[in-house]
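Undergrad: Dropping the structure in here first, questions after.
The values are calculated or read from the model by the stated rules, or taken from the named source; none is laboratory data. What you see is a predicted model; the values in this text were computed from it and never measured. As a convention, Cβ positions derive from the backbone with ideal geometry for all residues, glycine included, and neighbour counts pool all protein chains shown. Accessible surface is based on the protein model in full, side chains and every heavy atom, while ligands, DNA and RNA are left aside. Shrake-Rupley method; radii C 1.70, N 1.55, O 1.52, S 1.80 Å.
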Amino acid sequence: MIGFGVLSGMAVTLRNFIGSYFEKDRLTTVQYPEERETLPENYRNFPFLVYDTDDAEAGLRCVACKICEKECPPQCIYIVKSEDKKPDYMAKPQFYPRIFDIDISVCMSCQICVEVCPFEAIKMDKVFELSRRQRFDALLMGKDELAKSNTYYHQIHPLEAAEVDANLAAAAAKKKPAVESKATPSANT
Amino acid sequence: MSATSFYELEQAPPPMTSRIEGELLEVSLGPQHPSTHGVFRMNAALDGEIVVKLKPVFGYLHRNHEKIGENASYLGSMPYTDRLDYFCSMTNNWAYALSVEKLAGLEVPERAEYLRVILAELTRLQNHASLLGFLLSDMGAWGTPLMYAFREREKILDLFESLSGSRMMCDYMRFGGCRVDPSPEWLQRAKKIVEAFPKFLDEFEKLLIKNEILIARTQGVGRLSAELAINAGITGPMLRACGVNYDLRKVDGYGFYPRFKFRVPLGDHGDTYDRLMMRALEMRESLGILKQAFEQIPAGPVMNPKVKIRAFKPPAGEAYGRIEGPKGELGFYLISDGSANPYRYRVRPPSFINLTILEDLCLGHTVADVMVILGSVDIVMGEVDR
Ligand code: SF4
Ligand code: SF4
């Protein structure tokens, strides 16, 4: 019968319309920004640098090896290595980045820097509300903006951070069995 | 004699408007047009309302993808492939990973192969669902079917997000496996979504597939003959809508597809209606594949531990890896000279090649049909222009 297809289509629309008042899976939208969905554990946005202890300057895990700078596909990381060495959180003298900039406006959130970093020093953040009023260098983040504590890392990626801490602790225990009690950052976080 | 200025060239009438019949009208559809699926332009010459000539113009979104690929490391190209066909980043990843694996002769663990099948079929589901939505909104069913399709697509994108970290730019696969191992909860959730999907398909079919207006707009419109399709290198659902049984999942049997039982839906007339139904039927088959994959997926590693993804240098040689993407044959052709970046990196984009016959499909139809035909070709400009 001509018109029957149209009518049965309209019945579906009506069912969806009324159903949206009663069924959760017919109305899936949330009213952002008042309502927010929790982001999944693996969610990634832009990279940040992890530091241990409370000191963002001294506790930085990054040793300025520049691997991430080399591997970053759009080349948005810029690192200047220090001339001197500083004791890191394991009291081992290491180089540190004098300048560590990431141009967030160029970064494409690909996570390759995180994958290639051998020191677990750079991780992905979950902050996505980053709009700025200036056009040029407002999204060029320096070391001070990028550095975030390991506690914060645990908050945003609990499972992943626990695994990383366990790996670091195991590596430290293998290297210097004498000071392993001091060298496990995971024990108190 | 002075050279013709650019301005003069602009002023000169394009050859298309030469008034042979005296009444031809040139209409430029796009690049800013809601139905062109991106920045795509069609220069149509109309005789009344009938299209007598149509010239596709593209390149507005050209990003030098292939040249970037030649200057990036093998690992560094992976996130760029997400940005080709941004609806189907998982299948793009797979095609690229497959060609690098062929180039270097890498093995992929069993679990990773199953995961790839699962993710590729989920991608096919969401691509076809949103294509149907877009196609129907091109036909005037503005919004409603598209929103229903997007509601389902969003569930699958949420799955991708909780697995890979991003809804659309997944960057999930690596040569030699996959990046993260999904948790059992993730697999459960995916299974649940797949089990609920037929309900959406039934509803969607009831909503519009039998609709008289839709049938009048699509049946017999944009007919593509099997010979032309084969000669022009058309692949994917568009080719199968003409009745040519060619599905790389069967022909090549890449990945673990030979282990799955599924049928390849075939069309008969090659018109827009067949192309539309092809998508609906393929989704049903994908659901079958997914169900089998969830039953069979083994435990184990997802990454071949021997593969060094950083500073990866395959031996010199060349390889072509291709898969049956949701839009057609997606292939990556790589030539390696033994260094850390490919000497040549070439993409065979299905939407671009499927678009080449647009004029043949549109001739003799009205302007309003052009939009419907274009919608049924299923293009994404990121892939067409690269
Ligand atoms: S973040 Fe990691 S890879 Fe990058 S310079 Fe620091 S230690 Fe090296
Ligand atoms: S996420 Fe990707 S683009 Fe962004 S800084 Fe890291 S490597 Fe570079």
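Undergrad: Let me spell out the model: positive unit charges on the Cβ of Lys and Arg, negative unit charges on the Cβ of Asp and Glu, origin at the Cα centre of chain B. What dipole size does that give, in debye rounded to 20?
TA: Value, rounded to 20: 1360 debye.
Undergrad: Helix A:4-22: angle to the longest alpha-carbon principal axis of chain A, degrees 0 to 90, nearest 10?
TA: Compared with the principal axis, the helix lies near 50 degrees.
Undergrad: Distance between Cα centroids, the stretch B:66-94 to the stretch B:209-232: provide it in whole Å.
TA: Cα centres, the stretch B:66-94 to the stretch B:209-232: 33 Å.
Undergrad: For chain A, modelled as a Gaussian network with Cα springs under 10 Å, which listed residue fluctuates most, A:D144, A:D101, A:D25?
TA: A:D25
Undergrad: Taking springs between alpha-carbon atoms closer than 10 angstrom, which of B:E101, B:E121, B:E23 fluctuates most in the Gaussian network model of chain B?
TA: Taking springs between Cα atoms under 10 Å, the residue moving most is B:E23.
Undergrad: For chain A, what relative contact order do you get, as a whole percent, if you take Cα pairs closer than 8 Å and at least 6 residues apart?
TA: Over chain A, the number comes to 23 percent.
Undergrad: Rolling a 1.4 angstrom probe over the protein chains, ignoring ligands and nucleic acids, what is the accessible area of B:L106 in square angstrom, nearest 10?
TA: B:L106 exposes around 40 Å² with every protein chain in place.
Undergrad: Per residue, how much accessible area does chain B show when a 1.4 Å probe rolls over the protein heavy atoms, in square angstrom?
TA: 39
Undergrad: Can you run phi through the Karplus equation (6.51, -1.76, 1.60; θ = phi - 60°) for the stretch A:32-42 and list ³J(HN,Hα) in whole Hz, with x for Gly and Pro?
TA: 5, x, 5, 9, 9, 8, 6, 7, x, 3, 7
Undergrad: In the neighborhood of A:S105, defined by Cβ-to-Cβ distances under 13 Å, what is the net charge if each Lys or Arg adds +1 and each Asp or Glu adds -1?
TA: Numbers: positive: A:R132, A:R135; negative: A:D101, A:D103, A:D137.
Charge balance in the 13 Å sphere: -1.
Undergrad: Ignoring ligands, DNA and RNA and using a 1.4 Å probe, state the total buried accessible area between A and B in Å², rounded to the nearest 100. Walk me through the numbers on the way to the answer.
TA: On the way: alone 12380 and 16510 Å², together 26330 Å².
For chain A against chain B, roughly 2600 Å² becomes buried.
Undergrad: How far is helix A:158-175 tilted off the main Cα axis of chain A, in degrees rounded to 10, range 0 to 90?
TA: 20
Undergrad: To the nearest 10 square angstrom, how much accessible area does B:M173 have with a 1.4 angstrom probe?
TA: Looks like 0 Å² after rounding.
Undergrad: Further question on the same structure: Identify the trypsin sites (Lys or Arg not before Pro) of the stretch B:208-261 meeting these criteria: DSSP loop state and at most 14 other C-beta atoms within 10 Å of the C-beta.
TA: In loop regions of the stretch B:208-261 (DSSP not H, G, I, E or B), the sparsely surrounded trypsin sites (Lys or Arg not before Pro) are B:K210, B:K261.
Undergrad: Net charge within 10 Å of B:L54 by Cβ-Cβ distance, Lys/Arg positive one each and Asp/Glu negative one each, not counting B:L54 itself?
TA: Working: positive: B:K53, B:K55; negative: B:E359, B:D360.
The answer is 0.
Undergrad: Which of the lysines could be linked to A:K148 by a straight reach, that is with a Cα gap under 16 Å, when you skip same-chain ones fewer than 8 residues away?
TA: Correct list for A:K148: A:K123, A:K126.
Undergrad: Now for a different question. Filter the chymotrypsin sites (Phe, Trp or Tyr not before Pro) in the stretch B:266-345 to those in DSSP coil with at most 15 other Cβ atoms within 10 Å of their Cβ, and list the result.
TA: Taking the stretch B:266-345 and a limit of 15 other Cβ atoms within 10 Å, the loop chymotrypsin sites (Phe, Trp or Tyr not before Pro) found are B:Y343.
Undergrad: Another one. Which of the chymotrypsin sites (Phe, Trp or Tyr not before Pro) found in the stretch B:54-83 are loop residues per DSSP with 16 or fewer other Cβ atoms within 10 Å of their Cβ?
TA: Counting only loop positions with at most 16 other Cβ atoms within 10 Å, the chymotrypsin sites (Phe, Trp or Tyr not before Pro) in the stretch B:54-83 are B:Y60.
Undergrad: Largest first, what is the accessible-area ranking of B:K308, B:K191 with a 1.4 Å probe?
TA: From most accessible down to least: B:K308, B:K191.
Undergrad: Roughly to the nearest percent, how much of the accessible area of the protein assembly as shown is carbon and sulfur, given a 1.4 Å probe?
TA: 56
Undergrad: Something else: Taking chain A as a Gaussian network, where each spring joins two C-alpha atoms under 10 Å apart, which residue of A:K174, A:K148, A:K66 fluctuates the most?
TA: Top of the fluctuation ranking is A:K174.
Undergrad: Under 14 Å from the Cβ of B:E66, count the other residues' Cβ atoms, weight Lys and Arg +1, Asp and Glu -1, and hand me the total.
TA: +4
Undergrad: State which helices in chain B qualify, where a helix is a whole DSSP H run, it must extend 27 Å or more along its own axis by its Cα atoms, and its mean Kyte-Doolittle hydropathy must be at least -1.0. It would help to have the intermediate numbers written out before the result.
TA: Values: long enough: B:110-138 (42 Å, 0.19); B:144-164 (29 Å, -0.15); B:184-204 (30 Å, -0.45); B:272-296 (36 Å, -0.39).
Answer set is B:110-138, B:144-164, B:184-204, B:272-296.
Undergrad: Which whole-number percent of Cα pairs in the stretch B:65-384 have a distance greater than 33 Å?
TA: Above the 33 Å cut-off, the stretch B:65-384 has 23 percent of its Cα pairs.
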